[in-house]
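J.: Structure below; questions to follow.
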Amino acid sequence: MARVVVDVMPKPEILDPQGKAVAGALPRLGFTGVTEVRQGKRFELEVDDSVDDATLAKIAESFLANPVIEDWSVRRVEP
Amino acid sequence: MTSVSVIDSVSQAATTPDTPQPYRELGLAEDEYARIREILGRRPTEAELAMYSVMWSEHCSYKSSKVHLKYFGETTTEEMRAKMLAGIGENAGVVDIGDGWAVTFKAESHNHPSYVEPYQGAATGVGGIVRDIMAMGARPLAVLDSLRFGPADAPDTRRVLPGVVAGVGGYGNCLGLPNVGGEVVFDRTYAGNPLVNALCVGAMRAEDLHLAHASGVGNKIILFGASTGLDGIGGVSVLASESFDGDESAAGRKKLPSVQVGDPFTEKVLIECCLELFGRGIVVGIQDLGGAGLSCATSELASAGDGGMHIDLDRVPLRATGMTPAEILSSESQERMCAVVKPSDVDEFLAVCAKWDVQATEIGVVTDGDRLVIDWHGETVVDVPPRTVAHEGPVYQRPVQRPEKQDTLRANGSAALTRPSGAAELEQTLLRMIASPNLASRSWVTQQYDHYVRGNTVLAQPADTGVVRIDEETGRGVAIATDCNGRFCELDPYQGAQLALAESYRNVVVSGAEPVAVTNCLNFGAATDPGVMWQFQQAVRGLADGCVALGIPVTGGNVSFYNQTGDTAILPTPVIGVLGVLDDVRRRIPTGIGAEAGETLLLLGETADELDGSEWAHVVHGHLGGTPPKVDLAREKLLGEILIAGSRDGMISAAHDLSEGGLAQAAVETCLIGETGARIILDPDQDPFVQLFAESAGRVLVAVPRTEEPRFTEMCTARGLPWRKTGVVDAESGSLEIQGVTTLSLEKLRQAWEGTLPRLFD
């Protein structure tokens with residue numbers, strides 16, 4: 001068993017309205033100095049040892065992320 | 001890469017005439033590139049090449065359609081133009097609807113982006129058409145969406161449809177605009193090329209009309225709204241890769257997606273901000289930024305004005321680093337507008353924008369002379385006559401040829417198809433038809449849209465037409481419908497376009513509204529295919545001639561070519577929108593029966609054995625061939641006059657247009673929408689199958705209170721409109737009885753009609 005983390009982020013050139021909303025809210029709440037916010041999502045998968053990297057990449061690309069507008073990365077972390 | 005030496009300036013271009021340029025990759029033909037060199041007297045800079053390539057694209061220049069679209073102008077008479085305040089060529093058509101109100105409406109396609117990324121493609125389609133309406137000075141009031149997908153059970157339709165529907169709903173709902181109508185149609189020709197046509201309607205006081213032009217030397221150009229990023233620049237990224245060969249950023253740039261992500265909340269404040277700017281009278285000219293972004297906005301504003309323009313591109317607020325001038329000019333970042341403002345009003349303009357938290361930047365000035373000049377990092381990167389970019393692009397007389405297969409198609413009528421006979425088969429056919437994807441209830445789709453936000457929606461789906469109140473005191477409002485039967489257009493594009501016009505017109509008049517204007521969204525296959533150009537030419541002529549017959553003008557439209565999968569073009573799909581006026585929306589006629597006890601059902605118009613291209617032939621036999629139903633526009637007009645008069649005098653309690661699926665479909669819908677049973681009595685002298693399923697045009701099923709029946713039928717007879725008493729409303733029965741054929745409980749009908757789309761898409 002291993003824990004796999006998949007991070008999905010909007011592509012850098014694509015508008016991120018959620019990140020923009022957070023960035024806009026920070027100064028209103030008194031937090032200064034944050035110049036940009038991008039918001040993505042993180043998946044944590046518990047997988048059998050039989051699942052290879054190619055399968056994980058396929059899961060991320062075909063299902064967890066929308067590759068037209070999002071980038072993704074997969075990494076195995078210590079359980 | 002930021003060093004000055006890489007800037008491809010005008011002076012640089014003049015001294016390096018032989019630098020190879022990727023014009024082909026940008027979609028320009030060799031002779032088009034040669035013409036640009038001839039206009040400029042030198043090679044274009046990268047930025048100029050980017051501008052010309054996007055502005056001379058089919059989408060922006062209408063280069064293949066222009067010669068045909070002229071026919072609209074040639075056929076529109078002064079009388080038809082009487083109520084038109086702005087027409088073809090402006091951001092959207094505007095008509096005077098009385099009481100000092102003007103209404104503007106337009107449809108636009110966002111087909112290709114919606115296939116690549118269904119949610120964002122559809123969402124930004126809505127955003128774009130709403131900005132077109134804002135650019136006329138109007139407050140957007142409602143949207144409609146006309147959608148076409150591949151077969152309902154195809155796997156890719158499951159990917160595309162839910163995304164498109166969620167995108168239309170997501171953007172429109174967040175903007176606070178009701179969605180009051182449209183269509184959802186399935187056909188295999190749309191499988192690799194769905195159609196997403198969005199229509200927006202807006203209103204303003206007639207004196208507040210704003211047109212897009214930059215006049216007055218010294219006036220300032222202000223860009224306001226969202227920042228400019230790298231989204232949607234698609235093909236223009238080849239420029240970056242060409243010029244920065246070997247640079248690391250170049251490889252990345254090559255893969256830039258051509259999709260954009262929109263932000264409806266930014267657009268919402270932009271709407272309110274624009275309306276306040278208009279209200280204060282500090283806008284000389286305004287233009288939205290849609291396809292081709294700043295290239296389009298600056299060249300169109302300058303071209304339509306009386307001077308030149310100077311733009312300082314360094315001032316454009318950017319969202320990405322290291323953008324080139326070509327990228328900034330081509331970016332299709334959403335939620336941006338460009339205004340021309342008098343110098344004395346600039347401070348007030350900026351203050352209003354600041355109040356709404358809308359970023360606004362002075363990026364240039366209207367100049368003496370006739371050049372559009374754009375500077376970047378102290379060098380001139382664009383110096384062009386704006387008319388050559390915006391309005392004097394290439395014009396093609398593409399070959400037009402009636403396809404050979406047309407005769408075979410026309411000869412292959414539906415007469416040989418096996419028809420149901422006997423009560424049991426007719427009942428079975430009826431149940432199968434109402435559950436088929438093109439006839440089944442659209443509520444799975446439409447319930448994802450907000451119909452009633454703003455509180456002025458009078459009619460919305462599943463009514464034939466959307467009705468929106470504009471003046472809350474007088475009750476003046478508009479009715480709007482879109483329609484197109486692509487199968488009829490395939491059989492005969494001229495007649496098919498007229499049938500689409502007739503049906504849209506009929507949908508408006510069944511609400512009691514008086515039609516005043518027409519818009520269109522003409523979706524066709526490849527302009528390079530002579531057969532497709534023939535369909536296009538025929539459809540344009542059919543529509544224009546039809547408008548003359550009905551006496552209402554086409555006020556604007558949109559053309560989308562190259563809708564095809566491989567070599568297979570979509571069915572020719574000229575979606576027609578008709579706008580009507582109700583002096584008081586309280587007299588609108590609903591679609592469902594049961595408003596009053598004891599209503600009589602009358603069928604207005606005549607039913608002929610017209611089943612070629614019908615939904616029945618499609619559903620039961622998968623057949624398309626023959627001759628579409630005949631169209632009689634004088635009859636449609638008469639039908640309209642009778643319905644409007646009947647509505648004024650309170651003689652009609654419900655009305656529903658007959659179209660796909662014929663009388664059977666109309667009867668089922670009027671019962672289910674009104675949640676009331678009815679008894680239909682067929683004409684003993686005509687084949688019951690033909691009466692139930694033929695798709696003859698010019699027919700409406702109306703319910704009239706029994707007390708009004710003599711007066712109404714006398715009016716029809718006196719004016720020469722055929723009518724037949726075809727049944728009664730039966731509130732007690734809870735079922736639809738078609739005498740001698742079947743009696744079906746409303747519950748059973750509802751299960752069949754409403755079950756299909758949830759089963760396919762949930």
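J.: So, in the range B:312-340, how many residues would count as being closer than 21 Å to B:Ser215 by Cα, surrounded by 24 or more Cβ atoms within 10 Å (Cβ to Cβ) and more than 14 Å from chain A (Cβ to nearest Cβ)?
T.: Of the residues in that region, 4 qualify.
J.: Still on this model: Kindly provide the set of residues from the range B:345-370 that are among the small types (Gly, Ala, Ser) and surrounded by 18 or more Cβ atoms within 10 Å (Cβ to Cβ), ordered by number.
T.: Kept after step one, since they are among the small types (Gly, Ala, Ser), are these residues of the range B:345-370: B:351, B:354, B:360, B:364, B:369.
Listed by number, the residues that qualify are B:Ala360, B:Gly364.
J.: Okay, moving on. Run B:Gly677 past the list (1) surrounded by 20 or more Cβ atoms within 10 Å (Cβ to Cβ); (2) within 25 Å of B:Val458 (Cα to Cα); (3) under 31 Å from the mean Cα position of the chain (by Cα) and report the number of the one that doesn't hold.
T.: The failed condition is (3).
J.: Further question on the same structure: Do any residues in the range B:655-667 that are among the charged types (D, E, K, R) have Cβ atoms under 6 Å from those of residues that are modelled with pLDDT under 95, where the two are at least six apart or on different chains, and which pairs are they?
T.: Sorted first by the residue in the range B:655-667, then by its partner, the pairs are B:Asp657/B:Asp464.
J.: Additional query: Can you pull out every residue in the range B:86-100 that is buried (at least 20 other Cβ atoms within 10 Å of the Cβ) and of a type outside the set (Gly, Ala, Ser)?
T.: The answer is B:Glu90, B:Asn91, B:Val94, B:Val95, B:Ile97.
J.: Cβ contacts < 6 Å: first residue under 8 Å from B:Arg679 (Cα atoms) and without any contact (Cβ under 8 Å) to a residue 60 or more places away in the chain, restricted to the range B:724-751; second residue among the charged types (D, E, K, R) and not in a helix (DSSP H, G or I), any location; separation 6+ or different chain. Result?
T.: B:Asp730/B:Arg679
J.: Give me a count of the residues in the range B:491-503 that are among the polar types (S, T, N, Q) and either surrounded by 24 or more Cβ atoms within 10 Å (Cβ to Cβ) or under 30 Å from B:Arg587 (Cα atoms) (or both). Working first, answer last.
T.: First, pick out the residues of the range B:491-503 that are among the polar types (S, T, N, Q): B:495, B:498.
If we keep only those that are either surrounded by 24 or more Cβ atoms within 10 Å (Cβ to Cβ) or under 30 Å from B:Arg587 (Cα atoms) (or both) too, we end up with B:498.
Residues that pass the stated criteria total 1.
J.: While we're on this one: Restricting attention to the range B:341-367, report how many residues are within 14 Å of another protein chain (Cβ to nearest Cβ) and touching a Lys or Arg at 6+ places or on another chain (Cβ under 8 Å).
T.: So the answer is 0.
J.: Moving to a separate point now. Give me the residue from the range B:76-89 that is out of contact with any Ser or Thr (no Cβ under 9 Å at 6 or more places or on another chain) and in a loop (DSSP other than H, G, I, E, B) and, out of that set, farthest from B:Ile129 (Cα to Cα). It would help to see each step written out before you state the result.
T.: Taking the range B:76-89 first, the residues out of contact with any Ser or Thr (no Cβ under 9 Å at 6 or more places or on another chain) are B:76-83, B:89.
Retained after the next criterion (residues that are in a loop (DSSP other than H, G, I, E, B)): B:76-77, B:82-83, B:89.
Details: B:Thr76: 25, B:Thr77: 28, B:Ala82: 25, B:Lys83: 22, B:Gly89: 15 Å.
Taking the candidates together, the pick is B:Thr77.
J.: Would you check if there is a residue in the range B:389-412 being among the aromatic types (Phe, Trp, Tyr), surrounded by 15 or more Cβ atoms within 10 Å (Cβ to Cβ) and within 14 Å of chain A (Cβ to nearest Cβ)? Lay out the reasoning, then the answer.
T.: Of the residues in the range B:389-412, the ones among the aromatic types (Phe, Trp, Tyr) are B:396.
Then keep just the ones that are surrounded by 15 or more Cβ atoms within 10 Å (Cβ to Cβ); that gives B:396.
Add one more test, that the residue is within 14 Å of chain A (Cβ to nearest Cβ), and what stays is none.
Checking the range B:389-412: not a single residue is among the aromatic types (Phe, Trp, Tyr), surrounded by 15 or more Cβ atoms within 10 Å (Cβ to Cβ) and within 14 Å of chain A (Cβ to nearest Cβ).
J.: Please return the ranges of helices (runs of 4 or more DSSP H) entirely within the range B:205-296 where 2 or more residues are touching a Phe, Trp or Tyr at 6+ places or on another chain (Cβ under 6 Å), modelled with pLDDT of 85 or more and within 14 Å of another protein chain (Cβ to nearest Cβ). Break it down stepwise before answering.
T.: Working: elements: B:237-243, B:248-253, B:264-279.
Output list reads B:264-279.
J.: Continuing with this model, one more query. With a cut-off of at least 3 residues that are modelled with pLDDT of 90 or more, name the helices (runs of 4 or more DSSP H) lying wholly within the range B:1-73. Give the derivation first.
T.: Details: elements: B:10-15, B:30-40, B:46-55, B:58-61.
Once the helices (runs of 4 or more DSSP H) in the range B:1-73 are filtered for at least 3 residues that are modelled with pLDDT of 90 or more, what remains is B:10-15, B:30-40, B:46-55.
J.: Does at least one position in the range B:475-490 carry a residue that is surrounded by fewer than 21 Cβ atoms within 10 Å (Cβ to Cβ), out of contact with any Phe, Trp or Tyr (no Cβ under 9 Å at 6 or more places or on another chain) and modelled with pLDDT under 95?
T.: no
J.: Failed condition for B:Thr528, given (1) within 18 Å of the chain's Cα centre (by Cα); (2) at pLDDT below 95, with all others met?
T.: Only one criterion is unmet by B:Thr528, namely (1).
J.: Which residues, counting only those in the range B:601-616, are over 18 Å from B:Asn412 (Cα atoms) and surrounded by fewer than 20 Cβ atoms within 10 Å (Cβ to Cβ)? Steps first, answer last, please.
T.: Taking the range B:601-616 and keeping what is over 18 Å from B:Asn412 (Cα atoms), we get B:601-608.
Answer for the range B:601-616, where residues must be over 18 Å from B:Asn412 (Cα atoms) and surrounded by fewer than 20 Cβ atoms within 10 Å (Cβ to Cβ): B:Glu606, B:Ala608.
J.: While we're looking at this one, here's another question. If we keep just the residues of the range B:6-55 that are in contact with a Pro (Cβ under 6 Å, 6 or more places away or on another chain) and under 25 Å from B:Leu289 (Cα atoms), which is surrounded by the fewest Cβ atoms within 10 Å (Cβ to Cβ)? Reasoning before the result, please.
T.: Of the residues in the range B:6-55, the ones in contact with a Pro (Cβ under 6 Å, 6 or more places away or on another chain) are B:32, B:36, B:43, B:47.
Going one step further and asking which of them are under 25 Å from B:Leu289 (Cα atoms), we end up with B:32, B:36, B:47.
Details: B:Glu32: 18, B:Ile36: 24, B:Ala47: 31.
Looking at residues that are in contact with a Pro (Cβ under 6 Å, 6 or more places away or on another chain) and under 25 Å from B:Leu289 (Cα atoms), I get B:Glu32.
J.: Restricting to the range A:21-40, and then to whatever is farther than 19 Å from B:Gln359 by Cβ and hydrophobic (A, V, I, L, M, F, W, C), can you tell me which residue is surrounded by the fewest Cβ atoms within 10 Å (Cβ to Cβ)?
T.: If we take residues in the range A:21-40 being farther than 19 Å from B:Gln359 by Cβ and hydrophobic (A, V, I, L, M, F, W, C), then A:Leu29 is surrounded by the fewest Cβ atoms within 10 Å (Cβ to Cβ).
J.: Something else about it: Any residue in the range B:176-184 that is part of a helix (DSSP H, G or I), within 21 Å of the chain's Cα centre (by Cα) and surrounded by 24 or more Cβ atoms within 10 Å (Cβ to Cβ)? Give the steps one after another, and end with the answer.
T.: Here is the first cut: in the range B:176-184, the residues part of a helix (DSSP H, G or I) are none.
The answer is no, given that none of the residues of the range B:176-184 is part of a helix (DSSP H, G or I), within 21 Å of the chain's Cα centre (by Cα) and surrounded by 24 or more Cβ atoms within 10 Å (Cβ to Cβ).
J.: Of the residues B:Thr15, B:Thr19, which is free of Cβ contacts under 8 Å to residues at least 12 places away in the same chain and over 40 Å from the mean Cα position of the chain (by Cα)? Show your work before the answer.
T.: Numbers: B:Thr19 fails: free of Cβ contacts under 8 Å to residues at least 12 places away in the same chain.
Within the list B:Thr15, B:Thr19, the selection yields B:Thr15.
The values are calculated or read from the model by the stated rules, or taken from the named source; none is laboratory data. The model shown is predicted, which means the values in this text are computed figures rather than measured ones. Ideal geometry is used to build each Cβ from the backbone, glycine not excepted, and the neighbour counts take in all protein chains shown.
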